[in-house]
Every structure is written in structure tokens, then in C-alpha cells.
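Okay, structure first, notes after.
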Amino acid sequence: MMDKVYDPHRIEEAWYASWIKKGFFTADSHASGPPFSIVIPPPNVTGMLHMGHALNNTLQDVIVRFKRMSGFNTLWVPGTDHAGIATQNVVERELVKEGLSRESLGRERFVERVWEWKEHSGGIIIDQLKRLGSSCDWSRERFTMDEGLSKAVREVFVRLFNEGLIYQGDYIINWCPRCKTALSDLEAEHEETKGYLYHIRYPLAEGKGHLIVATTRPETMFGDTAVAVNPDDERYKQHIGKFVILPLANKKIPVIGDSYVDVSFGTGVLKVTPAHDINDFEIGKRHNLSIVKVMDDDGNMNENAVHYAGMDRFECREKVVEELEREGLFEKIEPYALGVGKCYRCKTVVEPTLSKQWFLKMKPLAEPAIEAVRAHKVRIIPEMWEKVYFEWMENIRDWCISRQIWWGHRIPVWYCDNCGKMYVAVDDPHTCSECKSGLRQESDVLDTWFSSGLWPFTTLGWPEKTDDLKTYYPTSLLITGFDILFFWVARMIMMGIKFMGDVPFREVYIHALVRDAEGKKMSKSKGNVIDPLIIIDEYGTDAFRFSLTMLAAQGRDILLSEERIEGVRNFANKVWNASRLALTFLEDMPSVSDKPDISPSFLPDKWIRSRAQKVIREVTESLDAYKFNEAANTLYNFVWHEFCDWYLELIKPNLYGKVALYNSNTTKEVLNNTLTDILKLLHPIMPFITEEIYQKLPHCPSTDPHSAADKGESRESIMVSAFPVYNAAQVDEKSEAGMDMIMGIIDVIRNIRGETGIAPNVKVEAMIRANGNQSLLEEYGYYIKELAKVGELVFISGEAPEKSAVGIYKGVEIFVPLKDLIDAPKELARIDKELIKIEEEMARVFHKLNNASFREKAPPDVIKKNELNYNILREKKDKLTESRKVLEGLAGK
């Protein structure tokens, strides 16, 4: 028997352990059924479960459970990413507490310490994903630096190098002075910051006068090797070929003409600093300019910055401006909004700087990846993200793949310092083949995204020809956030086509952000972060998962609040209590088959089976199209309103023996089948509660799943049962129309009761002018009386009774005589008093909303709250006004 109160914490841990023990998550590459595979976006090994993870993994699990139940040979590959910069930072902070540093330990010992940290503290997020109910095949869990993936990374690097796609060269990269490593363009997060445009005078080398340069980074001027103007700019073209004096450095630099210069920006004169700006670097190459670096790896000025050497770059900026003012070389300063690049890990302002790095040529890899999406070999959902994908891919630049850290895949390149020979190899070479000297390995490691870009095929065993690779590649689907469309998704498409000859997945579903109830991005600084684990502790996993799924509309951010989750917990309780009631009816069932061939004669039975079939079709179509919110909302409305509020109430008289017009055993079979379908439909979203209830149904041999799980008894699980399949033969439009009429009439009578203030325990008389529907309404008159609390139900054809409330539903007229039921004058007085209060409150809110000062100063969420309050008050007023009209007629006014 089911517990009286639903306690999610009692059942979740037990069922998850049972599923794992029985191997229900484990895939078999030789199993029957069409393959369906998906790889988890590997969370950082340093990570903790946040809302993005929760949404992403919930949606993945919904699809995986749905496909598994639908007969697919399903594999969900889990794993974690080594997260080079993030993990190194974590361990370095630990070392500081011990008075150590990575330099004091040395590379080998430091890497050992990171592995030790990974074994003891890394991967906490995996346990948290299990709490979320994720049905991953944990036997296939991978790590981006495990032995197999490390070998694959080397194999890829060597092949790309041998084809000339990987090269080493001097190029402008984003440098993080805090992490002391290069970052790719994607890893430098740009955010708008209030800055300044500094106007500096560069004196002409010959004659009097000067050119005014506008710059946002005056500290880099010591690296200027030219100033540039647009050759079509009439203001300056006469200066091309001449020289100016670089302020404070007192050296001559040329004035060059280049069409890159925007005549409308600043003064139209550009300082060219090839070592510290990507566009200046390209100008420098075109004009053969020298390259002068003015900063070191710590973000301090170097010896080329004359007397500013050793000074912090931002302090230098202030001092340079002060000296320029003293020397009469400073024109003016003006506010300017800057797109400042910051390290995606430590948020330090990055410094564009020239550096020798390893690069991967992207255009040859991008072209087939662009075509794959154009030809819909990969379908991106929602489609709006395709345009963003194409814009980036068509303007892609070479990828800086080297990082100056110690934790990661060390680049498989070795140097002979004796003879200068370089080796690139999968297996470690030990001595130089030319001079037999020892070799030194490249100190840089690969960008973390390099290994994760290989994830869909390396996790399946590549470069070995494994059964998993044969069965499950290409994977079927990728679910991820838009923020890693370029970091990861695009790179996986490129690498998959390059090394597997086929795309890595057929479809990509891009989910939106989870925001707070006011639509604001969640952040610790704003104090609006909702912790998934706290929510799970408070409301249960199923309520949390259903809330996320219910809100996951394509292309629309999720606005989440605890109030929403609390509402879904009420839904979970509704499912529990409805099932408890149903099970009391099913205890003495004579026999049950999973899908008996039943032909019910009771209209509510025929109606609920017809409606169930349509819900099965709608949910299946929604999940197939990744319209998660539509699937959840369809189930919510069907379960709560149709099954619980109507069907269970309609069958109570039969099953309690109050009426014996219809076969109660048939009703029990319909009830059992419908509840079973509901549980199976809900299971992908709400796995725990559905398993608990499913095991209590008559078709399950076990009545104590917790003790059975402990004893290892064999029994079916809902997660490996068959997902309901739409059966058109059970769709009955006539029965649906009949039930619609009965429910409509009951609602009309209930509304009349509510509008006129009739007490809930008072039975009313109802008169119906059926207009062609009398036989149906007579047959089910008992149920109308039972659910609408009607004492006497009379069918009339003549005049309507006086002083009656009137309602009409699809041509059927319903009259409820009110003469002796209520004190109309007293009820009118109560309504009038309530209307006065509502109108006063409406006037107050209306005045506030029409106050320009309030609109300007109040936060958007406060304005929205007031607008919502006004609409609620207006609805109340409208309802009371309608009730008043009814009562006026009754009072003879």
C-alpha cells in the first residue's frame, strides 16, 4: 500500500541504486533496436551543479529515457573535462595555503598533485548528476585526460601537423597576465566597460604642427612603429611618406597610408602597434613594419617602455597621460565605451600581445562543416542559431591551441637542443635519431577545447575500431547551451568530419538560459542564484525536473522561481494522491493484462481512453521535436484536470457501488490502463515518483520495492517498459463530444453557485432545456447531480422558471431557481462593499502606473508587479459585476 504522504527523499536514493544495480543504464552495442546515442557535454572536473547543468542534463535524461522506453538501443556517454586553466588555478590556491607554489614543486610533482586532487576532490559533479536522476551509462564514464583519450589527442595532433594544418608562428594572441597563458579569441570574454579615448599629439618630424592620434591604450605607444591614415582622407594624405616623432620616446616613425583606417573614428589617425593589436599586426605585415613588444608576461612594462620599465600597465597609463600633459602633447580625453576582453576563468583584463604559439588552420576544416549544416546533415534547433553558426564559421580565424600551463595534454613535440631537429610523434621519442642526444618536450599544453572537440568519437574508442564506434557513431543528438556553440559544437563538427568522415551528431538542440523570475541572469553578486541541490532537498528531484521541462520552450529563456517549483510539487502530490485513490479501486481486480481489448460502455471510460490516445500522440510528437515544454504542459493539464478532476470523480459512484448501471470491472481495467499510460508518459520527466507508483500497480509482482531492491529480486522497471503508442482505434470523437457537454453543464451550474454565493453544502435544483441532448443528459443525470451538487434535475420544454440564474452551454439552457436559496439584497450589499474596495485599490494602482516619475525611477520588476496587480483587480471586478447582474434580476431590481 502507498504511504499517505508523498516523501520524495525516501524513494529517490533507493530507486537510483536499484536501476544501477540492475544495469538498466548500461548499453549493449550488439543489442537490437535502432541505435540512439548522446554524449554528455562534459562538465569541468572542478564544477558543482548549477542551473545550466541541471537544465541541460534534465533535458538529456528526458530524451534518453523516452528513447529507451521506445525501443531504441540507447547509449548516454558521461564524463568530465580536465579544465586546464580552472583546475590548475584550484590546485595552485591549495598550494598557497601550504606555503608552496607550482614552481617550487616543479612540473612533474605539480601534475602529480593535480591528479591527487582529481582523485579525491574532482568529479563531485558526477554524484550531483546522479541525484538529478541522470540515467547515463556510468560503466562508460570518460575523462578528457584518461589513457584512451590522451592517445587519441596525440594521434589527432600528429595527423594535423603532418598535413600542415598545425603550425607554430608569431601571432597576436590574448594573454592573461594572471593565468600566464594564451587564450583563444573565444576565451577572452568581452564586456562593455566605461573607458576613455585619449587624444595625443604626435609632432611632425619636419616643420611645425602635429597629428592627433586617438587611442584607448596610451601605455602601448612605446610599441608604435608607425601612424596610419586613410589614403583617401583629404585631411592627411599629404603626410603619407613623411615622419612624426613618437612622444616620450623621441624617435621618428613613418606616416603610412592604409585603407583599414576608419576616417570617422577618433581623429582619423591611427597609432600602429603591431605587437599589441591584431589589426595593427596585419597592417604591420602589409607595410613591413618592425615589431616592438612593450610588456612582459606579468602585464608589466618592459625595457622598451623607457623609464616606465617595471611599472604595471594600468599605472603606466596614468603616468603616461600625466607626462604627456606636462610636455604639452596631450590634446584631450573623452568618455568612451570599451569592449574589454577578460579571461573567461579569472576575469583579468587580457592583453593582446605578440607571441610564438601553436596554431590550427581553421578554414580548411570549417568549409565542410559549414556545408554539413547547410545540407542539414547536422540540424541545429532552434533554427535561428544556424545564422549565428554561419557568421562565425565563415569569418573564422586560426585557432591558437597552445597554453602556457602545466595541467593538460602536453603538446607531443620534442626538440634536440644539440642539432636543432624537431620531432612530432604519438609515442615519446627518447633520443635524437640524428645526433643521439637527449630530447626536450615542448612545455606548452593544448587548449582544453582541443580534446573536448574530439569527444563524440574518442569516448567511443577511436582511434581503435570498436563496436561502440560502429554502432553509436554518429551520435544522434547533442543538447547544449548557446554559449559553447563555437567553443565546442562547431569544433566537434569540424573534427568529426575530418577524422570520422561523418558529422559527430545528426541534431543539436540549443537550450536557453535559466534566469530568475524577473528575467535577470543569475549571479552570486545579485544574490538571485537558485541552487539546484537546495531545491532538490526542499521539493524533490521530480518536481524540480518537471519545472525545468515545463518552462523549456525553444528559443526562450526560462524564468524560474521557487513559487513555480512549489506549484509543481503540488502536481507531484496530486499524482501521488490520485494514484493512491486509484489503487484502492484496483485492489480486488479479477485479472489485468497490460493492454486488454476492452470495449467500455460507460461514457467517461470511453472519453478518458480517447483523450489518453491524443495525449500519447501529442507527448510523443513534442518529445520527437524537442518541444519539451509542450510535452510537460500537455501532461500537466491532462493529469490534473481531466484524469484527476473529472475522470476519478466520475467513476467514484460506480466503484463505490452507489450506482450499478455499468460494468465496474471494465472501469477498473480502463483506470488501470490509463494510470499506467500516465506513469509511463510522465516517467522520462519524473522518473522516481512514477517508478514508485508503477511498482504498486496490479501488473507488478513486487509490493515492497525498497526491500525487493535490497534483496536483488527480479522485477520489471518502468524505465525499461514500453512507452505508450498511439492507438487510433480508441479515439472516439462522439464520446468526447458527449463528455464535453456533460462537463460543460456541470461547470455552468458550479459557476452559478459561485457567482451567487450559494453555500457549498446546499443542494440546488437545476432545470435543463436540452434542445436535442436530453437522452444523453438523462442517462448521465446522476453524475451531473453528484458533481454539481444538484438535488433535483428536471428537463423542461416550456417557459423558464422565474427568478432563476441562467447559463447556456452549446445550445443547452440551464436554469437554477434561486428564490429560496439566497438573500439577494444581503448578497448585493456584500458585493457592493467589495466592489468599492476593489475600485479604490484599482484607482491607487492606476495613478501610480500613470505617474511618469514612478515609471522612470521604479525597477522594471516593480512596474511589472503593479501591472499584474491591476489586471488581477480588474478581473475580480468583472466577475463581481457579473454576479451582481444575476442578483439584481433575482431581487427584481
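Based on the Kirkwood approach, the hydrodynamic radius assigned to the range 440-582 is 18.5 Å, with every pair of different Cα atoms included. Taking all protein chains together and rolling a 1.4 Å probe, Asp427 ends up with roughly 120 Å² accessible. For the cross-link pairs Lys194/Lys285; Lys237/Lys293; Lys356/Lys470; Lys237/Lys361, the ones whose C-alpha atoms lie over 30 Å apart are Lys194/Lys285; Lys356/Lys470; Lys237/Lys361. One compactness figure for the range 363-522 is 1.29, namely its Cα radius of gyration divided by 2.2 N^0.38 Å. Solvent-accessible area of the range 724-805 (1.4 angstrom probe, protein heavy atoms only): carbon and sulfur portion equals 47 percent.
By accessible area of protein heavy atoms, probe 1.4 Å, what ranking do Ile530, Ile872 get, highest first?
Values: Ile530 25, Ile872 80 Å².
Per-residue accessible area, sorted high to low, gives Ile872, Ile530.
The overall shape of the range 742-878 is prolate: from the C-alpha gyration tensor, with semi-axes ordered a ≥ b ≥ c, the ratio a/c is 1.5 or greater and a/b exceeds b/c. According to the Cα-based calculation, Rg over Rh for the chain is 1.08, with Rh computed by the Kirkwood formula.
Taking 21 Å as the straight-line reach from the Cα of Lys864, the lysines in range (excluding those fewer than 8 positions away in the same chain) are Lys520, Lys521, Lys526, Lys848, Lys876, Lys877.
Before I look further, what does the range 210-250 give for accessible area per residue, probe 1.4 Å, in whole square angstrom? Each step should come with its number before you reach the end.
On the way: 1510 Å² over 41 residues.
Here the per-residue accessible area is 37 Å².
For Lys4, the lysines whose Cα comes closer than 17 Å to its Cα, not counting residues fewer than 8 places off in the same chain, are Lys574, Lys696. Shape analysis of the range 1-99 places it in the oblate category; the axes a ≥ b ≥ c from the Cα gyration tensor give an a/c of at least 1.5, with a/b not above b/c. When Asp588, Asp28, Asp277 are compared by accessible area of protein heavy atoms, the largest-first order is Asp588, Asp28, Asp277, using a 1.4 Å probe.
Quick one: pull the percent of accessible area on the range 390-446 belonging to carbon and sulfur, 1.4 Å probe, ligands and nucleic acids left out.
Values: 1140 of 2690 Å².
Roughly 42 percent of what the probe reaches on the range 390-446 is carbon or sulfur.
Solvent-accessible surface of protein heavy atoms, probed at 1.4 angstrom with all chains present, puts Phe482, Phe157 in the order Phe482, Phe157, largest first. Rolling a 1.4 angstrom probe over the range 73-182 with all protein chains present gives an accessible area of which 48% lies on carbon and sulfur atoms. Shape of the range 718-764 from the C-alpha gyration tensor: oblate (a/c of 1.5 or more and a/b not above b/c, with a ≥ b ≥ c the square roots of its eigenvalues).
The values are calculated or read from the model by the stated rules, or taken from the named source; none is laboratory data. Bear in mind that the values here come from a model prediction, so they are computed numbers and not experimental data. For accessibility, only protein heavy atoms count, side chains too; no ligands or nucleic acids. Shrake-Rupley method; radii C 1.70, N 1.55, O 1.52, S 1.80 Å.
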